[in-house]
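The values are calculated or read from the model by the stated rules, or taken from the named source; none is laboratory data. Everything numeric here is computed off the predicted structure, so don't read it as measured data. Here the Cβ positions follow ideal geometry from the backbone for every residue, glycine too, while neighbour counts run over all protein chains shown.
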Amino acid sequence: MRHVCVVCGYVYDPAQGDPVAGVAAGTAFEALPDSWVCPECGAATEMFEPVEEAGA
Amino acid sequence: MSARHYAIVGAGVAGIEAAAAIRATDADGRITVLTDEGWPYYSRIRIGEVVDGRALPQALALRLPAWYDEQRIALRTGVRVEGIDASAGCLRLAGGEVLGYDALLVATGARPFVPPFAGADLPCVRTLRRMDDAIALRDVVPALRRAVVIGGGLLGLELAVSLAGAGLGVTVVEVADRLLPRQLDPAGGALVRELLGRRGIAFVLAATVTGLRPDGAGAVVDLADGQALPADLVLVSAGVRPVTELAAGAGAQVARGIVVDDRLATSLPGVFAAGDCAEHRGELYGIWPASGEQGKAVGRAMAGAPVTYAGTVRSATLKVSDIGVFTMGRTGDDDGAVQADRTGDDYRRLVRDAEGRLVGATLVGSLAERRAILVAMMAGKPYPA
Ligand SMILES: Cc1cc2nc3c(=O)[nH]c(=O)nc-3n(C[C@H](O)[C@H](O)[C@H](O)COP(=O)(O)OP(=O)(O)OC[C@H]3O[C@@H](n4cnc5c(N)ncnc54)[C@H](O)[C@@H]3O)c2cc1C
Ligand SMILES: [Zn+2]
């Protein structure tokens, strides 16, 4: 599921991963390493919320 | 018909989100992004991490080099745009090159505002906005002992944390009588102060800087009440001003920022503006999420899609370093019955109306309750349930 950073609005999309941080496409949000932070603002994963997908 | 050429000045979040949105809307157009910085798109919010060595500059990049190729975006770093000729549809670049465009985005951002006090031009006075500012600070701080940060807003506090992390003794000077006055009540502000104080940061509140005097390689910061703070480094964090002169020089309407309509179009045909440089419906946002949303909207508008940008809702959630801050609704003392409590390093303040419904909430520290509070407030339900 996609997750949005409530501080800056960055959306983590498992389909994309976070290639700059070495997170492969297909990595679930829950499987991100503890050291992972929001690439745009540096917030930890507690600052993310699931995005309810329309029609999902 | 040959492909349209889109030119974008500025490779910040507004410029890059716009480039991506153009590409998603117009598969054939040529896209050129120009920046006077030597770095491709990076997280400006996080450059404090470079100052104290938590991150290397290249670790703050927000796109892989391959992304620009895949999106067919020509990124030209280290190139300053010196003029716009809107009637001819071309840019004048430093060095004399002329670059034609069919649609132009001005996404030139903002620059720090330094109040005109005496000594503001001393070499020890710095600001932090660009990656090169952060690298320059990183390189000088190991030789320094004491820093004064002028401005105790969100950014000033972040910078204070970075400098303290780099080993400096840091004093924050703030004109208001408490920290984050726009976001927090006195008790919440006091907790933030206490948490940062434990990291060795000192505060002088309700303080007005009257001027700086040179003192060796550093300066003495004079305050209106007579205090004098010696510093090897003075970091000014007193707000930003939109970078408007490029657009203004071409004749675009400028108020405090470059004036744009709901399509992010300026008063000049074919010229758009977005991000920290733009003023929309009288608002200057100066924040990342708004710049990103404007970038996405303007990219679609430039590529001809119907767009109505109605503004950005300011996030209720902030962080100061790793301290969470959440405020929502009506939080004044007169807005209802106030219940404030502190558990360890977490502070919670709830405001309820006569019927017991939650009308406002403030959290500092842990934001674990944030979601439940939002739900209760939206639904007009009692909280805790
Ligand atoms: C240290 C720091 C912390 C921050 N923290 C937060 C935060 O926690 N939350 C938040 O929401 N916001 C924060 N901000 C603000 C946020 O970074 C900005 O709102 C955002 O970067 C604006 O994006 P932009 O694309 O409009 O402009 P910018 O990111 O400023 O990009 C504009 C670019 O255009 C270039 N440029 C200007 N003129 C020319 C020219 N003539 N030719 C070529 N290039 C040119 C500039 O050099 C710059 O690279 C912070 C800012 C800083 C500095
Ligand atoms: Zn974020």
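For segment B:53-85, the tally of residues that are buried (at least 18 other Cβ atoms within 10 Å of the Cβ) and under 27 Å from B:Val98 (Cα atoms) stands at 7.
Which residue is nearest to ligand 2 (Cβ to nearest atom), if the candidates are limited to segment B:123-132 and must be farther than 16 Å from B:Asp276 by Cα and buried (at least 17 other Cβ atoms within 10 Å of the Cβ)? The qualifying residue nearest to ligand 2 (Cβ to nearest atom) is B:Met131.
Of all the listed residues (B:Val33, B:Val50, B:Val13), the sole one being within 9 Å of ligand 1 (Cβ to nearest atom), within 24 Å of the chain's Cα centre (by Cα) and surrounded by 17 or more Cβ atoms within 10 Å (Cβ to Cβ) is B:Val13. For segment B:354-371, the set of residues classified as loosely packed, with under 14 Cβ neighbours inside 10 Å and either within 14 Å of chain A (Cβ to nearest Cβ) or modelled with pLDDT of 95 or more (or both) consists of B:Ala368, B:Arg371, listed by residue number.
On inspection, B:Thr108 qualifies as of a type in the set (Val, Ile, Thr), within 21 Å of the chain's Cα centre (by Cα) and closer than 25 Å to B:Leu268 by Cα. If you filter segment B:278-300 down to residues that are surrounded by 21 or more Cβ atoms within 10 Å (Cβ to Cβ) and of a type in the set (Gly, Ala, Ser), you find that the one that is nearest to the other protein chains (Cβ to nearest Cβ) is B:Gly292.
So that you can scan it fast, the table gives a plain yes or no per residue for (1) among the charged types (D, E, K, R); (2) more than 15 Å from ligand 2 (Cβ to nearest atom); (3) out of contact with any strand residue (DSSP E or B) (no Cβ under 8 Å at 6 or more places or on another chain); (4) assigned to a strand (DSSP E or B):
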{"residue": "A:Met1", "(1), (2), (3), (4)": "no, yes, no, no"}
{"residue": "A:Ala15", "(1), (2), (3), (4)": "no, yes, yes, no"}
{"residue": "A:Val20", "(1), (2), (3), (4)": "no, no, no, no"}
{"residue": "A:Glu30", "(1), (2), (3), (4)": "yes, yes, yes, no"}
{"residue": "A:Trp36", "(1), (2), (3), (4)": "no, no, no, no"}
{"residue": "A:Glu49", "(1), (2), (3), (4)": "yes, no, no, yes"}
{"residue": "A:Glu52", "(1), (2), (3), (4)": "yes, yes, yes, no"}
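A quick yes/no check of all residues on (1) within 14 Å of chain A (Cβ to nearest Cβ); (2) over 26 Å from B:Val172 (Cα atoms); (3) touching an Asp or Glu at 6+ places or on another chain (Cβ under 7 Å):
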position: B:Pro230; (1), (2), (3): no, no, yes
position: B:Glu245; (1), (2), (3): no, yes, no
position: B:Arg263; (1), (2), (3): no, yes, no
position: B:Thr312; (1), (2), (3): yes, yes, yes
position: B:Ala316; (1), (2), (3): yes, no, no
position: B:Val320; (1), (2), (3): yes, no, yes
position: B:Gly324; (1), (2), (3): yes, no, no
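How about segment B:326-340: which of its residues are touching a residue at least 40 places away in the same chain (Cβ under 8 Å) and among the polar types (S, T, N, Q)? Within segment B:326-340, B:Thr327, B:Thr331 meet the criteria. Just one of the listed residues (B:Ala228, B:Ala265) is out of contact with any helix residue (DSSP H, G or I) (no Cβ under 9 Å at 6 or more places or on another chain) and aliphatic (A, V, I, L, M), namely B:Ala228. Among the numbered conditions (1) surrounded by 15 or more Cβ atoms within 10 Å (Cβ to Cβ); (2) at pLDDT 95 or above, the only one that B:Met328 does not meet is (2). Screening B:Val351 against (1) away from ligand 1 (no atom under 16 Å from the Cβ); (2) within 14 Å of another protein chain (Cβ to nearest Cβ); (3) buried (at least 20 other Cβ atoms within 10 Å of the Cβ) leaves a single unmet condition, (2).
Of all residue pairs spaced 6 or more apart or on separate chains, those with beta-carbon atoms under 8 Å, a first member in segment A:12-29 that is free of Cβ contacts under 8 Å to residues at least 12 places away in the same chain and a second member that is surrounded by 13 or more Cβ atoms within 10 Å (Cβ to Cβ) and assigned to a loop (DSSP other than H, G, I, E, B) are A:Asp13/A:Arg2; A:Gly17/A:Thr27; A:Ala24/A:Gly17; A:Ala25/A:Pro14; A:Ala25/A:Gln16; A:Ala25/A:Gly17.
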